[in-house]
Every structure is written in C-alpha cells, then in structure tokens.
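Just below is one structure, and these are the notes that go with it.
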Amino acid sequence: MPDEAIIEEPPAIETIPVKVDGREISVPKLTPDWQGKLVPTTVLQACKHAGIEIPHYCYHPKLPVAGNCRMCLVHVGMPGRPGPDGKPPMNEDGSLKIDPMVLPYERGTPKGVIGCATNLIPGMEIYASSPETKEMREAVLESLLINHPLDCTICDQAGECKLQEYSMEHGQAESQFAEQKVHKPKAVDLGPRIMLDAERCVLCTRCIRFSADIAGDDALGIVNRGSYSTIATFPGAPFDNNYTLNTADICPVGALTSKDFRFQMRVWFLKETNSLCTGCATGCNTVIGSRENKMYRQEPRENDAVNGPWMCDSGRLDYKWIASEKRLKEIRSQNSEARSWEAVIAEIGGKLEGVAAGSMAIIASARQTNEELYLLKKLADKFEAITDSVPRNGEGDHLLVNADKNPNSNGARLIGIAGETLGANLPAIAEGIESGTIKTLIVFGEDVTQHGISETLLEKMDLLIVSDIFPNATTAKAHYLLPGCAYAEKRGTFTNTKGQVQKFMKALDAPGNARAEWEFLHELVENVTGQNGFSTIEGLFNQMATEVDVFKAKELNWAALGDDGVTVEI
Amino acid sequence: MAIKVQRVKLSLWERLFIPTLWNGFKVTLGHFLSFKKSKVYAEKNKDNKFKATLSYPEELWTVPPGFRGAPYLVSDQDAATKCVSCQLCEFVCPPKAIRITPPGEDGEAAHREGAEKMPKEFEIDMLRCIFCGYCEEVCPEEAIYLAKDYYEGYDDEKMRRDYALTGSNREEMIFNKDKLLERGGTHHDRIKKWEKKTADAKAQETFPVGENPKAE
Ligand code: SF4
Ligand code: SF4
Ligand code: SF4
Ligand code: SF4
Ligand code: FES
C-alpha cells in the first residue's frame with residue numbers, strides 16, 4: 001500500500017445563510033460567548049463577519065450580554081410564521097418569503113431588533129445601513145444625549161469616547177429636548193483609583209457586569225430610578241478591588257475615569273507603543289501612552305492567550321519609577337579613566353581576557369529579557385561560569401496575578417541561566433567567593449547583598465561588573481557600573497509563566513547615558529568571544545531562536561512573534 | 001526626459017547689470033514723483049492732512065479691519081480664567097506654537113465652580129505663531145482671542161490689535177499664562193455655561209456640584 005498521509009478533515013463548521021445589506025453570506029451557526037461556550041451567533045456578530053460594524057455600548061465580547069442600551073438596533077427581515085400546513089410563506093418562485101419587520105400595532109412603522117442579543121434565523125435579511133436603521137440610531141443617540149452634560153472639554157474620555165464617535169457617525173446635530181437636563185453627581189470618588197461622573201453615564205452596565213462576573217467583586221449597582229438612575233457602590237464599601245481600572249477602559253463614555261490619568265494629558269497626543277507589564281510572570285499585554293518621552297498611562301492590549309482584554313491595577317500603575325530622578329544615568333568605573341561606553345566595554349573585554357575558566361559567577365535578574373539572558377549565557381559558557389537568578393515570590397490571585405513576580409523566570413530557565421528553582425546556586429556562589437575560587441562576578445539587575453552575598457564578599461572580588469537601573473548596595477561596590485534601561489526604554493522579549501514568548505517595543509528614550517543592556521552586552525560578547533553576532537534586536541532574537549532548543553522546536557523568529565507572541569514548551 | 005534650456009548669450013553691456021539696475025530705479029523714481037498726482041493719494045488726502053509717515057510709537061497705527069493680531073487668553077467678567085485646558089488649540093495650532101501643561105489630578109481648583117480644571121501653564125511661542133487664528137476658532141470655551149481689548153478705554157473703532165510684539169531674546173517671546181491673561185483682558189461672556197450648569201444642578205437639589213461626596 002502506498003504510504004499515504006491520512007489528512008483528517010477538520011470538523012465542519014455549521015453555517016447559516018444570511019443576507020447583510022443585500023449581500024448573501026454564510027456565518028457560523030455558533031460563536032463562543034464571553035466564557036468561551038458556544039452559543040448561537042447574533043445579528044451583530046453576523047454583521048461583523050460581513051465587515052460591517054454595528055454601533056454598540058453595552059455589548060462587549062468578553063462580558064455577558066445585557067442588551068440594555070439599544071444602540072445596536074437594526075432593521076431586519078424575517079421569514080413569516082408557518083401557516084396551517086406547517087410551512088412558512090413562500091414566494092411564487094418557491095423561495096422563502098422574507099418580510100421586513102414592522103410594529104404589530106402600526107404596520108407602517110419599521111421595527112428594529114437589538115443586534116447584540118438577537119440570534120440569527122436562516123434566511124434572515126439584515127438591513128444594516130438602511131434609512132430605517134439609520135433613523136433608529138439617530139433616535140437612540142438623541143435619547144442617550146437628553147441628559148448628557150456635553151462636558152467634552154473637561155472630560156478625560158474625549159478623543160476615545162464612543163458617544164462622540166457614534167454621534168459623529170450615526171447621530172444628528174439637533175436635539176428636540178428643550179427642557180432642563182437632569183443633573184447627577186459629578187466627580188464622585190468611587191474608590192481609590194476610580195472617579196465617577198454620573199451625568200456622563202449611559203447606564204450600559206458594563207462596569208457592573210465586569211466587577212461581578214469577571215473580577216468577582218459584586219461592588220457596583222444602579223440606584224434610583226428613571227432619569228435619576230446612577231451607578232453607585234454600596235454605602236461604606238469603596239470600589240477597590242485590584243481590577244477596578246478595567247472598568248474605566250470598558251466604560252464607553254467618560255463616566256468612569258482613572259484618577260491616575262485624570263487631567264494629565266489629552267488622549268490624542270499620546271503615542272501608543274505595544275509593551276508588556278513586568279509586574280508578574282503573567283506578562284499582560286499592554287499599550288503604553290507616551291508623549292515627548294513622558295509616560296502617561298498603560299492600558300491592557302487584548303491577547304486571548306494571555307490576559308484577554310484585562311490587566312490588574314497594581315501592574316498598570318507600576319510605571320512611575322521609570323521617570324524617577326534616582327535612576328542611574330552615568331557609567332562609573334573605579335580606578336579607570338574610561339568614561340565612554342566604547343572605552344569601558346573595550347576595557348572590560350580586556351580584563352575578562354585574563355579571567356581563568358571556572359572563576360566567574362553571573363547573577364542575572366529574571367527581569368532581564370530573553371536576549372540579554374542569552375548573551376550573558378554566552379559569556380557564562382565561554383568562562384564556564386556558574387550562573388543563577390533571584391526568585392521573587394508574592395501572592396497570586398484567581399484572575400491574572402501570578403505568584404511569581406519575575407516577568408521572565410521561564411526565560412531564565414529555558415536559556416539556562418537558572419535551574420528549575422531560581423536562586424538554588426546562590427549559596428554555592430557565596431561559598432565560592434568566600435573560599436576564593438570565584439574572583440569575577442557579573443550582576444545584572446539585582447541587589448545581591450539582599451540574597452546572601454554580603455558587601456564583605458563583594459569587596460573580595462577581583463572584578464565586579466554590575467548593571468542596574470537604580471543605585472543599591474551592590475552598585476555601590478561595582479568596579480564597573482553600567483546603567484541599563486527600563487522595559488519601556490528598550491525592545492526585547494519575555495517568556496511568561498505559560499511559555500508565551502512575547503515581545504515589547506520601545507516607547508521612551510533612556511535617561512542620560514543609560515543604554516539598553518542587550519546593546520552593550522552584545523558588544524561585550526563580541527569583544528570577548530570574537531563571534532560575529534547581530535547588531536539588531538531582530539537578528540539577535542533570530543540567532544537565539546536557533547540556539548535555544550525549545551525556541552528552535554517552534555522555529556521562532558522575531559517577525560513571526562507578531563503582536564501576540566508564540567507559546568513554547570516549558 | 002530632461003529638457004535642455006538654451007541660455008541666452010548676454011553681451012558685455014548686458015552683463016554689467018548697471019544699466020538694468022538703472023532701469024529699475026527709473027520705475028521707482030517715476031512712481032515716487034507721480035504719487036501726488038495719483039488717485040490713491042487724492043483719496044487719502046481728501047482733507048489735506050495726509051502724512052506718509054507715522055511718529056511711532058507715540059502715534060499708533062490704526063490697523064485695517066482684517067488684521068487679526070496675536071492670540072491671548074481672556075478672563076470672564078469675574079476675572080476667572082476661561083480656559084479649561086482642553087488642549088484643542090494646542091492640537092490645531094499649525095506651527096505648534098502652543099504648549100499647555102494640564103493641571104493633573106491635584107492641580108489648582110478651577111476658578112469657576114463646575115469647570116473642574118484649568119491649565120497649570122499655558123505658553124505661546126510668539127516667534128512660532130503665524131497668527132492664523134485657528135486657536136480662536138477651535139476653542140470651545142471662547143477662552144482665546146487674537147488681540148482683543150487688552151488696554152483701558154477699549155474702543156472698537158480704534159481697537160489696537162497687537163502688531164508690535166517685541167522682545168530682546170527668544171525666551172521673552174514665549175508668553176506664559178500670566179502674561180497671556182494680562183494681555184487678553186476681560187471677555188464679556190453672555191452665556192456663562194459652567195455657572196449656569198452649577199446653578200441648575202443646585203436648583204435640582206441633587207448632590208452639590210464641585211463637592212466630592214467621598215465613598216465612606
Ligand atoms: S462622555 Fe464623551 S460625549 Fe460625554 S462629555 Fe465625555 S467625551 Fe464628551
Ligand atoms: S459607568 Fe460607564 S460602564 Fe458603567 S454603566 Fe455607566 S457608561 Fe456603562
Ligand atoms: S494664531 Fe495660529 S499659529 Fe498662533 S497660536 Fe493660534 S493657532 Fe497657533
Ligand atoms: S484656550 Fe480654549 S482651546 Fe485652548 S485649551 Fe483653553 S479652552 Fe481649550
Ligand atoms: S449593544 Fe445591544 S443593546 Fe446595547
């Protein structure tokens with residue numbers, strides 16, 4: 001029998017034929033809901049398949065459907081009710097008869113359905129851009145704006161506000177509402193990180209559903225009735241779980257805003273850079289908003305393999321230190337005249353030449369990138385050095401926060417800087433220094449005096465090379481101190497707790513003379529090993545991907561990482 | 001395809017240029033001598049008082065109506081800063097002459113209750129400004145105007161629009177918030193929208209605007 005590969009057919013996806021704006025398309029019958037469960041596809045999703053965006057406020061793909069804002073109203077045509085023979089009405093040519101929906105008591109008036117909660121029916125016609133649909137949208141927007149304060153000049157949401165956007169796209173310029181607007185509480189302190197402006201709220205309940213169903217903290221609700229309805233917390237219970245800022249992201253208007261970002265900068269000035277949160281090993285995908293080298297905010301970037309559309313508050317707000325005045329900005333070398341990067345790297349290269357194999361130790365933080373760890377590993381291999389990282393453990397939670405507070409522990413393990421248990425080699429290194437077998441120590445991004453290698457031990461070193469971004473007891477003892485970069489100031493990749501290798505981009509320039517670690521490490525490695533590496537991060541990553549086994553197995557390369565990253569075996 | 005331009009060969013007389021210059025001067029001189037006979041002069045000298053020069057700065061130039069002037073910030077009749085730091089002017093300004101520092105979360109409270117914020121600093125680099133007036137046009141708060149009445153005894157007829165921006169160095173030409181407000185003077189705001197909103201809200205006996213009812 002010929003050796004034929006048996007190709008398994010993927011299970012056929014059941015589809016439904018529908019017509020969107022007169023165009024016949026087939027859409028999957030079932031679509032995953034917010035929990036990933038397969039449920040019938042809705043009109044709104046069908047339009048998305050057809051490339052048409054239905055405006056919506058309360059619908060969010062990662063939240064339960066509520067169907068309360070009515071923004072997604074569309075006019076549709078349905079097959080008629082089956083007659084006595086059990087068959088729906090047919091056209092003369094034998095095809096299914098589709099009637100545009102009308103109000104039952106006023107048959108001349110078109111009736112809309114809410115796209116977010118109406119399941120598809122085979123043969124359905126969706127008039128997504130018809131004059132009837134347009135009129136429905138205008139009416140909904142006019143009603144939403146009845147009591148809206150139009151605070152855009154002082155509203156932090158302006159520029160990314162769905163009310164502004166839809167008003168421009170689907171609204172009308174005039175309102176028939178001549179009465180006085182209802183006023184509601186403004187600038188309400190909902191919790192330590194969130195501000196509420198009740199007048200701007202469109203009562204979509206996204207924030208309520210997020211808190212109750214995703215964050216697991218049933219903290220928000222609506223109080224009062226009619227046009228006085230207001231989002232509120234329970235008396236005496238501030239809105240302070242670790243995920244509150246996500247409600248500011250999903251709030252389609254400026255009702256919930258971040259206190260941290262309040263009145264800091266208008267969003268249209270912010271340059272957006274894809275990045276990663278370095279708060280823990282989860283590695284939530286983020287977008288950094290910066291202007292003129294100043295970081296203003298960090299928001300989650302949707303990645304279903306990692307964080308979905310969410311991130312925790314503590315990680316999101318953990319960026320202020322980047323702009324700290326205390327940052328290390330200058331190269332420092334003891335007993336040497338070299339001050340420029342070139343001279344210092346050449347001098348270190350020269351000194352390393354005299355180092356005997358086996359007399360070196362390298363302690364590299366698991367907060368360094370894969371590329372940096374890889375370069376350090378090359379140095380370690382050359383000098384048969386003993387290497388390790390430092391564990392950093394805290395508390396995890398049910399949603400995103402990981403107990404491992406290092407963003408790249410898995411990178412350190414995979415590249416071979418650390419073993420399964422981070423820090424297992426540290427006592428051996430301390431002993432080696434004590435007994436005099438280790439004479440050269442390279443430390444990246446850690447204060448080793450906190451981890452069993454005391455200042456007296458550091459004083460015994462022949463050569464102590466330290467790179468960090470803040471001064472500490474270890475940097476004070478360094479013979480060569482090389483100022484490095486924060487994650488927002490360089491490019492690189494991390495391997496998260498699940499083995500997702502993902503990249504982050506550079507948003508800011510480094511302060512003073514500080515330089516990305518992979519840049520000067522690459523020069524140093526080239527000085528020492530004479531190997532011809534790559535001088536770009538892309539090249540370096542691709543080279544690493546051919547040398548680290550698990551990366552090789554996945555045939556990783558920089559471009560293929562994309563925005564979401566690739567999962568490797570851990 | 002390139003086109004080859006044939007150069008005209010000039011004679012020595014033409015290459016001297018002096019005769020050409022002289023021809024130019026002749027035209028200028030002709031206008032100079034014939035000005036008094038011209039219609040323009042007759043028009044301007046109807047009352048026999050026309051002077052071609054001005055004893056500036058003692059005498060000031062009455063600017064033509066289309067002249068725009070320079071952008072300044074205005075206060076309302078209660079001396080409250082009208083700008084709410086929305087930064088639209090900063091965004092629209094073609095030469096990027098405007099630079100606003102937003103107040104941040106704990107900036108100084110806005111002068112008007114309900115307006116919630118005002119800029120911490122507001123700078124216009126008058127050397128960059130091209131006096132286009134886009135900032136005035138875009139401002140949703142009517143807070144920035146091109147050289148309206150900034151001196152006592154404002155007279156619309158002779159309104160001095162600012163055409164004499166001087167300074168002895170670049171730094172001096174960057175006008176800060178205080179200077180812009182001082183020069184901008186008072187704008188007689190008829191709408192007073194923030195005041196109205198706050199009064200409406202208070203009248204409705206809802207939570208008072210401007211006070212933060214803190215979560216206990
Ligand atoms: S929520 Fe949107 S429309 Fe309302 S004031 Fe804010 S920016 Fe303007
Ligand atoms: S505060 Fe925002 S998210 Fe919450 S109901 Fe109002 S508009 Fe929706
Ligand atoms: S007048 Fe034009 S150039 Fe000058 S500040 Fe205003 S917008 Fe900018
Ligand atoms: S002057 Fe007007 S446009 Fe400019 S920031 Fe102030 S309010 Fe906004
Ligand atoms: S999005 Fe459908 S009702 Fe709100």
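Here is how the numbers come out for the structure above:
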| item | result |
| --- | --- |
| Tally of residues being in contact (Cβ under 8 Å) with a residue 60 or more places away in the chain and surrounded by fewer than 14 Cβ atoms within 10 Å (Cβ to Cβ) across segment A:208-226 | 1 |
| Some residue of segment A:301-324 being touching a Lys or Arg at 6+ places or on another chain (Cβ under 9 Å), within 29 Å of A:Ser409 (Cβ to Cβ) and within 14 Å of another protein chain (Cβ to nearest Cβ) | yes |
| Some residue of segment A:136-146 being farther than 28 Å from A:Met101 by Cβ and away from ligand 5 (no atom under 16 Å from the Cβ) | no |
| Failed condition for A:Ile250, given (1) over 17 Å from the mean Cα position of the chain (by Cα); (2) surrounded by fewer than 21 Cβ atoms within 10 Å (Cβ to Cβ) | (1) |
| Those residues of segment A:252-292 which are within 11 Å of chain B (Cβ to nearest Cβ) and polar (S, T, N, Q), in sequence order | A:Thr257, A:Ser258, A:Gln264 |
| Sole exception among (1) assigned to a loop (DSSP other than H, G, I, E, B); (2) more than 13 Å from ligand 2 (Cβ to nearest atom) for A:Ala66, by number | (2) |
| Breaking point among (1) at pLDDT 95 or above; (2) touching a Lys or Arg at 6+ places or on another chain (Cβ under 6 Å), for A:Val525 | (1) |
| Among the residues listed as A:Ser130, A:Ser95, A:Ser175, the single one being away from ligand 5 (no atom under 16 Å from the Cβ), small (Gly, Ala, Ser) and in contact with an Asp or Glu (Cβ under 6 Å, 6 or more places away or on another chain) | A:Ser175 |
| Test: residue in segment B:64-83 that is within 16 Å of ligand 1 (Cβ to nearest atom) and under 25 Å from A:Met265 (Cα atoms) | no |
| Wholly enclosed strands (runs of 3 or more DSSP E) of segment A:258-357 bearing at least 2 residues of a type in the set (Gly, Ala, Ser) and within 20 Å of the chain's Cα centre (by Cα) | A:285-291 |
| Residue within segment A:394-406 that is at pLDDT 95 or above, farther than 30 Å from A:Gly354 by Cα and not in a loop (DSSP other than H, G, I, E, B) present | yes |
| Residue check, A:Lys439 of a type in the set (D, E, K, R), in contact (Cβ under 8 Å) with a residue 40 or more places away in the chain and within 30 Å of A:Leu556 (Cα to Cα) | no |
| Top-ranked residue in segment B:56-83 [being hydroxyl-bearing (Ser, Thr, Tyr) and outside any loop (DSSP other than H, G, I, E, B); ranked as farthest from the other protein chains (Cβ to nearest Cβ)] | B:Tyr72 |
| Every residue from segment A:31-54 that is closer than 20 Å to A:Ser129 by Cβ, surrounded by fewer than 22 Cβ atoms within 10 Å (Cβ to Cβ) and either among the charged types (D, E, K, R) or within 12 Å of ligand 5 (Cβ to nearest atom) (or both) | A:Gln45, A:Lys48, A:Glu53 |
| Residue list for segment A:161-197, filter: of a type outside the set (Val, Ile, Thr) and touching a strand residue (DSSP E or B) at 6+ places or on another chain (Cβ under 9 Å) | A:Lys184, A:Pro185, A:Lys186, A:Ala187, A:Asp189, A:Leu190, A:Gly191, A:Arg193, A:Met195, A:Leu196, A:Asp197 |
| Segment B:113-139, residues that are more than 10 Å from ligand 3 (Cβ to nearest atom) and touching a residue at least 60 places away in the same chain (Cβ under 8 Å) | B:Glu113, B:Gly114, B:Ala115 |
| Among (1) in contact (Cβ under 8 Å) with a residue 24 or more places away in the chain; (2) crowded, with 23+ Cβ neighbours inside 10 Å; (3) in contact with a strand residue (DSSP E or B) (Cβ under 8 Å, 6 or more places away or on another chain), the one test that A:Gln264 misses | (2) |
| Test: residue in segment A:481-497 that is more than 29 Å from the chain's Cα centre (by Cα) and modelled with pLDDT of 95 or more | yes |
| Residue within segment A:158-178 that is facing another protein chain (nearest Cβ under 10 Å), within 15 Å of ligand 1 (Cβ to nearest atom) and out of contact with any Phe, Trp or Tyr (no Cβ under 6 Å at 6 or more places or on another chain) present | yes |
| Residue match in segment B:43-65 (condition: within 16 Å of ligand 4 (Cβ to nearest atom) and at pLDDT below 95) | no |
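The values are calculated or read from the model by the stated rules, or taken from the named source; none is laboratory data. Quantities reported herein were computed from a predicted structural model and do not represent experimental measurements. Positions of Cβ are generated from backbone atoms using ideal geometry, with glycine treated the same way; all protein chains shown enter the neighbour counts.
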